[in-house]
Amino acid sequence: MKIEDLKKDIEKLGFPIKIEIKNKNELYVDIDKDDVKKILETMFKKYKLYFSGQFCLQDKDFIINVILTDRKNGYLIILRYKTENEIVSLQGIANQSNLFEREISDLFGLEIADGEDKRNIVKHEIWENGIHPLRKDFLYGQRVKDLCETEEYKFKEVITDGGFQIPVGPVHAGIIEPGHFRFSVIGELIENLEIRLMYKHRGIEKICENVDLNKLNLIFERVAGESSAAYGEAFAQLIEKISDFKVCESIMALRVILLELERIYNFLDDIAGICVDVGFSYPAKKFGYMSELIHQLCERITGSRFLRNAIIPYGSNIDFTEIQREDVVKTIDIVEKRFNEIVEMTLNTVSFLDRVEHTGIVEKAIAKELNMTGVVARASGIQYDVRKSFPYEVYRQLKKSINFEEIGGVFERYNVKIAEIRDAFKYIKTSLTLIKGDVEKKKQWIDIESGKEGFAVVETVKGELIVFARTGENNKMDRVYFKTPSFTNWNGLTYAVLGEIVPDFPLCNKSFNMSYSENDR
Amino acid sequence: MIINIIQSMILIIAAPLFSGILKRIKAILRGYEGAPVLQPYFDIKKLLSKERVISKSSSFITTVGPIIILSAAILSAFLTPVFFTAGNELIGNMFILIFILSIIKFFNTLIGLDCACTFGGMGSSREMFIYMFAEPVVFLILAFVYFETKSFNIYKIAKLNAVRTDISSAHIVAAIAFLIWLIAENARMPVDNPETHLELTMVHEAMILDISGRDLAYIELASAIKLAIFLTIFINIFLPFGMAVSLSAAALIKAVILYLIKMLVFLLIIAIVEISIAKFRLFRVPELIAASFSFAIAAISMMYFS
Amino acid sequence: MKFLIDRIKNGNETIKDPFYENGYSYGKVTVDMNKCIGCKNCLKQCLVGAITFHEKIEIANKKCIYCRECLNSCEAGAIKMNNDYKLSEIETAGEELKNKIFKRFNRSLILRSVDTGSCNACMLELSATTNTYYSLSRYGINFAASPRHADGLVITGPVTINMKEALIKTYYAMPQPRIVIALGSCAYDGGVFKDGYGNFKSLKDIVPVDLVIPGCPPSPQAIIFGLLKLIDRI
Amino acid sequence: MLEILSAVILISAIIMSSLRRVNLLIRGFSVQSLAISLVCFTLGFKTGEVHYYIIGALTLLVKTLIIPIVASKSVRELKINREMKLIIDGYWSSILTALSIATTYVFLDNFNNDFVKAGFVLMVLGGIILIGRKKAISQMIGFLVMENGLVLFEISMIKMTLIIEILIILEVLMLSVIMGVMVFYINKAFDTVNTDYLSNIKE
């Protein structure tokens, strides 16, 4: 279906006030506040759309945007309604919408009209009451004050005979980011797990609104360190989409190389983590070493071990010549050979398989219900990859199939990650052939008029990242919104550990390996 | 008598060295340069100069526990022959030795419970869970040793086995049973991962999460001594060939060298086992110990009915 | 047994000297005042305000995020970046230093890492120091599971309001003498998140800092250099 | 030497009785058969009788190499990695093993030969493996362990003629071939059955 046809089709439904197509694949549907639930239900039924997120804009009123994605055709449909002080709760219609609603409620001070779950998510007890930092009247540079006396956060109470609760965190043992986990257990069996995050909330969306567009890529890259290149790519895609600019194929291929390099070292770290958590130290150390080799390769070609400040809008911020090309080929070959050997070794070790097989299972139905994306969803049998549904750069030529597994346990996630690494090796090699000649470093000044808006969709190592941006005055953004993959995927962990024993929790957690940083923002 | 004291002193002093060597072997097998073999000594020295932090909910157990643990470990070291045995029956009853060693375990679990932190409690309960299964195996092995040598005294057992030339198949099966028990008792892989940083999976480490400073040094030293004693008991019961039974210089030197070689070989075996397999699921551990149990039964029946 | 064969085939992976000259690493940014034409482009271009101009351009290493934007913006080519990653500095003043005696940790230093709001690149680099290539444990430096076992706290990222309490609790759970290491420019003064509403201005307001390892993120080499400098092994 | 070998045989049998993984079971069986063939060679070396060597060689060839290879191949083809649910689980089968070993040794107290007892123990443990598993392939291994017990029994106890021994070995080989073929056949049969078709029937 073409997007124009879709537009006409939706017009026929009779609810919308105004429909607009922007940037080729974005459909903005303005509706009335009272119709939201009705129209959403009809659209879910009629067009096989997926709920992807919800965010708030502030003009004179507040505008709530509901992001729906069409994974088959690669369209984004945005339902918009104006409101003064309350959000229409979609809890019960769109899954996981409570997260988005609670976030909007905390940051903009809107009330959730009729939802069940109204607990604070971003605002912890230590925050001063009545502060809504993303509102325009909360000035940039101002800080949230902390209270001395705090009240307790209400965790769900699961009380059974012989059950007790184990609180873990926010500071964990080992080198891990902060988050609070509360297990309700009977003996060693986990009955319920509640995750509390947002310990790292720094207010990146507010910072993004106040930084010049030419420096903004640096902030984007620091939303999540491990997916720096993907976030840089999101920024480049966003700016190029808004200003309708297309870069040449060589630069596109170079970007794909960087994105896939990032995927390799992340997944290597992930599978190393899985091995560490089952105490299988030999492969863990070797995967760690390979990841180090890739990091060093990244440092050699971009000057940063995390590929920072390499992907910029309108061009490339690095030189890519024959020397770098040979370096990439050589290192990738070494790592690939070694990688296959070690993977073979792990798959032949019975004690390792004993631990990972049939552990931490997330069933397909649950994964679907939770809107999970990325590797963890593909391990549960959801065949969705942004690189296939919303192809960017040269992925249209590269990404032909999707790696997925059926059962959705730790072992399947391990396998999908391995398959992704193998794919990444392949894509890098193909992309290298697409680069014609040398790529030269070229930085172009970004200058965009106000009032333009657009979305960028990128597959980071964790899953589907959707970034919305609207430009404002003084070459700055008016609003930036990140729908990060971890935000929805985190709750999958809750279901994965149900019925498992407490010592298996770290293993399940590591196989998910969601980012706290991008979730908290 | 003096030689007994000297050999036990040597065991106590060398115990951290053995755990250092074990760590180093593991590092080398995994292809990197690990901590120096003397690292446990440096750690203990530093810990002794640090302040203690004791949480408010702790009782006197946390204060006296570590000292009791260390003294139990040292005491049991004095009840074990290392490389010399004359076969005197004054000290060295196996039951006394085993029970003194379980004092270490008992106080460790008490300390784990005492700090009132969830991880300590979890660790203690897991430790007792494993210990409960492992206990019958010890007595079966002791029974086997009694059937073999008609003695419960480790000095005598060591002496009798040291001069023995043939080994029966029952002896080997019993040795395997003992080795599995040793691994379970000392919280090594695959029962517990001593290198883990994850408090939720820990067994042994979880109990001492709340201990700091001097106390930690005592407990670390005690667990190093415990591992060394267990390995020494294993060597003395099942592989005592070459042990000095008389006080001649040549025999002693030979005994010391053989002892060190045997120790290193077992450290190497433990290291290889720890590297090449993943940790078991907690509820699979009883199966491992059940296997050890049936080894012990098999050994006894082979010994007694042949 | 396959791993033994693999081990023999591939040999030792640890690098002998972790402080080798890394020609690709980022490093100290310097200004050649003779070439400078005073256009102040670099001041505008700097995201974190690490460049100041008082008669002379000065660049604060600890604040710099090493993005190289100032190099691009300098028309005169006065700003240069070398590969010297050895930027760590001990912050503690003389008297305090004597009391703490870092030499005590010369051969054994147990650290505890607390992430208070970083983008997690620093965490990855910190855990990279323990991999087989750098093998931090050979210097007797290890990471502990409990603050009670730790001698030092490694803090990454700006301190967010939500993490403040946990940080303070962890700090006081460590036995004396305790060390605080700020890893990365975010931990020093907020870095790129300096103006975020959710975090505090400076780590120094909350806990005393003994060592700053600048960088965004500091490379494993820089981290190892900083730690070894702290315990007086260099 | 013989002591060590009989210890290896017993240890492998005890470990096998509580294993869940089919390919570990096969590996254990292969080690056990290797030990038995070494026993045969040692006995042959001591007594100088040729037929020990022949049994040894046959065991080495058939039970240490061919059967494990065929079995592990079919395991790989069928993707059976482990038994999800044992009829007698690992813990209990270990205890059962211990008890049966003790009983065996008590009953056979009069025989003054280690291998007779070991052979009998193997037969009992093979039986435990046989009844404790659901998967055909691990039942086959249980049966083969019983066969191993028989071999041990005969080399130390009864002077069977060579023909019977060879027949036994051949029987075992046949069995494994049949198993292999059957297993492949099932596999192929499953390939052709479409699961969508099945669900259609259900509706």
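If I go through the stretch B:148-159 residue by residue, how many of them are farther than 21 Å from residue B:76 by Cα and part of a helix (DSSP H, G or I)?
Number of matching residues: 2.
Determine which member of the set B:273, B:245 is of a type in the set (A, V, I, L, M), open to solvent by 30 Å² or more (accessible area, probe 1.4 Å) and more than 14 Å from chain A (Cβ to nearest Cβ).
B:245
Of everything in the stretch B:248-270, what is open to solvent by less than 60 Å² (accessible area, probe 1.4 Å), free of Cβ contacts under 8 Å to residues at least 24 places away in the same chain and out of contact with any strand residue (DSSP E or B) (no Cβ under 7 Å at 6 or more places or on another chain)? Give them in sequence order.
B:248, the sole residue that qualifies.
Could you tell me which numbered condition residue A:404 fails, if it satisfies all but one of (1) crowded, with 18+ Cβ neighbours inside 10 Å; (2) part of a helix (DSSP H, G or I); (3) not aliphatic (A, V, I, L, M)?
Among (1) crowded, with 18+ Cβ neighbours inside 10 Å; (2) part of a helix (DSSP H, G or I); (3) not aliphatic (A, V, I, L, M), the lone unmet condition for residue A:404 is (2).
So which of A:465, A:432 is open to solvent by less than 10 Å² (accessible area, probe 1.4 Å) and either part of a helix (DSSP H, G or I) or in contact with a helix residue (DSSP H, G or I) (Cβ under 8 Å, 6 or more places away or on another chain) (or both)?
A:465
Suppose we keep only residues that are at the interface with another protein chain (Cβ under 10 Å from one of its Cβ atoms) and touching a residue at least 40 places away in the same chain (Cβ under 8 Å) within the stretch A:283-297. Which one would you say is most open to solvent (accessible area, probe 1.4 Å)?
Of everything passing the filter in the stretch A:283-297, A:293 is most open to solvent (accessible area, probe 1.4 Å).
Run down B:46, B:26, B:50 and say which single residue is at pLDDT 90 or above and either open to solvent by less than 30 Å² (accessible area, probe 1.4 Å) or in contact with a Cys (Cβ under 8 Å, 6 or more places away or on another chain) (or both).
After ruling out the rest, the residue left standing is B:26.
Look at the stretch A:209-250 and say how many of its residues are assigned to a helix (DSSP H, G or I) and either touching a Phe, Trp or Tyr at 6+ places or on another chain (Cβ under 9 Å) or buried (at least 24 other Cβ atoms within 10 Å of the Cβ) (or both).
Residues flagged as assigned to a helix (DSSP H, G or I) and either touching a Phe, Trp or Tyr at 6+ places or on another chain (Cβ under 9 Å) or buried (at least 24 other Cβ atoms within 10 Å of the Cβ) (or both) within the stretch A:209-250 amount to 24.
So how many residues does the stretch D:100-116 have that are closer than 17 Å to residue D:37 by Cα and facing chain B (nearest Cβ under 9 Å)?
Residues flagged as closer than 17 Å to residue D:37 by Cα and facing chain B (nearest Cβ under 9 Å) within the stretch D:100-116 amount to 1.
Considering only residues that are away from chain A (no Cβ under 14 Å) and more than 16 Å from residue B:284 (Cα to Cα), which ones fall in the stretch D:8-28?
The answer is D:8, D:9, D:10, D:11, D:12, D:13, D:14.
Against the conditions (1) under 29 Å from residue A:269 (Cβ atoms); (2) in contact with a Cys (Cβ under 9 Å, 6 or more places away or on another chain), where does residue A:429 fall short? Just the number, please.
(2)
Going by what's in this entry, would residue B:47 be described as within 12 Å of chain C (Cβ to nearest Cβ) and touching a His at 6+ places or on another chain (Cβ under 9 Å)?
Answer is yes for this residue.
Could you grab me the full set of residues in the stretch A:470-512 that are more than 17 Å from residue A:177 (Cβ to Cβ) and of a type in the set (Ser, Thr, Tyr)?
Scanning the stretch A:470-512 gives A:471, A:481, A:488, A:494, A:495.
Could you check how many residues of the stretch C:186-224 are more than 12 Å from every other protein chain (Cβ to nearest Cβ), of a type in the set (Val, Ile, Thr) and open to solvent by 10 Å² or more (accessible area, probe 1.4 Å)?
Counting residues in the stretch C:186-224 that are more than 12 Å from every other protein chain (Cβ to nearest Cβ), of a type in the set (Val, Ile, Thr) and open to solvent by 10 Å² or more (accessible area, probe 1.4 Å) gives 1.
Please verify whether residue B:141 is β-branched (Val, Ile, Thr) and at pLDDT 85 or above, treating the condition exactly as stated.
Here the answer is yes, as residue B:141 does meet what is asked.
Out of A:30, A:34, A:59, report the one residue that is more than 27 Å from the chain's Cα centre (by Cα) and open to solvent by 20 Å² or more (accessible area, probe 1.4 Å).
Unique residue meeting the criteria: A:34.
Could you list, in sequence order, all residues of the stretch B:152-189 that are open to solvent by 10 Å² or more (accessible area, probe 1.4 Å) and hydroxyl-bearing (Ser, Thr, Tyr)?
Across the stretch B:152-189, the qualifying residues are B:165, B:168.
For the stretch C:68-185, give me every one of the helices (runs of 4 or more DSSP H) that falls completely inside it and has 1 or more residues that are within 14 Å of chain A (Cβ to nearest Cβ), under 20 Å from the mean Cα position of the chain (by Cα) and at negative phi.
Those helices (runs of 4 or more DSSP H) span C:121-128, C:161-173.
Among the numbered criteria (1) open to solvent by less than 20 Å² (accessible area, probe 1.4 Å); (2) free of Cβ contacts under 8 Å to residues at least 24 places away in the same chain, which single criterion is violated by residue B:192?
Exception for residue B:192: condition (2).
Is one or more of the residues making up the stretch A:28-49 among the hydrophobic types (A, V, I, L, M, F, W, C), within 22 Å of residue A:477 (Cβ to Cβ) and not assigned by TED's automatic domain parsing to the domain that holds residue A:477?
The answer is no, given that none of the residues of the stretch A:28-49 is among the hydrophobic types (A, V, I, L, M, F, W, C), within 22 Å of residue A:477 (Cβ to Cβ) and not assigned by TED's automatic domain parsing to the domain that holds residue A:477.
State whether one or more residues within the stretch A:311-334 are closer than 30 Å to residue C:8 by Cα, among the charged types (D, E, K, R) and not in a helix (DSSP H, G or I).
no
Run down B:234, B:230, B:266 and say which single residue is assigned to a helix (DSSP H, G or I) and either at pLDDT below 85 or in contact with an Asp or Glu (Cβ under 9 Å, 6 or more places away or on another chain) (or both).
Every option except B:230 fails the conditions.
Which one of A:420, A:473 is free of Cβ contacts under 8 Å to residues at least 40 places away in the same chain and not β-branched (Val, Ile, Thr)?
Exactly one residue qualifies, and that residue is A:473.
Only one residue in B:82, B:137, B:145 is open to solvent by less than 30 Å² (accessible area, probe 1.4 Å) and not in a helix (DSSP H, G or I). Which one?
Answer to the selection: B:82.
I need the full set of residues from the stretch A:175-208 which are more than 8 Å from chain C (Cβ to nearest Cβ), open to solvent by less than 20 Å² (accessible area, probe 1.4 Å) and more than 21 Å from residue C:166 (Cβ to Cβ), in order please.
Result: A:184, A:185, A:190, A:205, A:208.
Which of the residues that make up the stretch A:110-148 are more than 12 Å from chain C (Cβ to nearest Cβ) and surrounded by fewer than 18 Cβ atoms within 10 Å (Cβ to Cβ)?
The answer is A:111, A:113, A:114, A:116, A:117, A:118, A:119, A:129, A:130, A:136, A:137.
The values are calculated or read from the model by the stated rules, or taken from the named source; none is laboratory data. This one's a predicted model, so the numbers in the text were calculated from it and none came from an experiment. Neighbour counts run over all protein chains shown; Cβ positions are idealised from the backbone, glycine included. In case anyone asks, the SASA skips ligands and DNA or RNA and just uses the protein heavy atoms, side chains included. Shrake-Rupley method; radii C 1.70, N 1.55, O 1.52, S 1.80 Å.
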